[in-house]
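J.: Please find one structure pasted underneath; my questions will follow.
The values are calculated or read from the model by the stated rules, or taken from the named source; none is laboratory data. Given the structure is predicted, the values throughout are model-derived calculations rather than measurements. Cβ placement follows ideal geometry from the backbone for every residue including glycine, while neighbour counts extend to all protein chains displayed.
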Amino acid sequence: MSLTVKSEEPSPDERRLEYISGWDGAGTAAVLAAGGAAIWVPAVNVRRAKMSLSCAWLVLDGDDPYG
């Protein structure tokens, strides 16, 4: 029987969102299109995301279903 140890730190190939946006927070999704880019972050991180991401990103509250 082998024991597999899993780390909470994502592997480099799972860090695509951080690579394209610079956002290292958890629980996110993003859409890239010819006309712009949008990123959904948890409500508690909206302010930090708006302050840390470039103005090219539209930051949306991922906890707001009507957002």
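J.: Counting just the residues of the range 26-38 that are modelled with pLDDT of 85 or more and of a type in the set (G, A, S), which one comes out nearest to L60 (Cα to Cα)?
T.: Narrowing the range 26-38 to residues modelled with pLDDT of 85 or more: 29-38.
Okay, now just the ones that are also of a type in the set (G, A, S), so 29-30, 33-38.
On the way: A29: 10, A30: 10, A33: 16, A34: 18, G35: 16, G36: 13, A37: 11, A38: 7 Å.
Going through the qualifying residues, I end up with A38.
J.: Okay, moving on. Can you confirm whether the range 1-20 contains a residue that is among the hydroxyl-bearing types (S, T, Y), exposed (fewer than 11 other Cβ atoms within 10 Å of the Cβ) and modelled with pLDDT of 90 or more?
T.: No - not one qualifying residue is present in the range 1-20.
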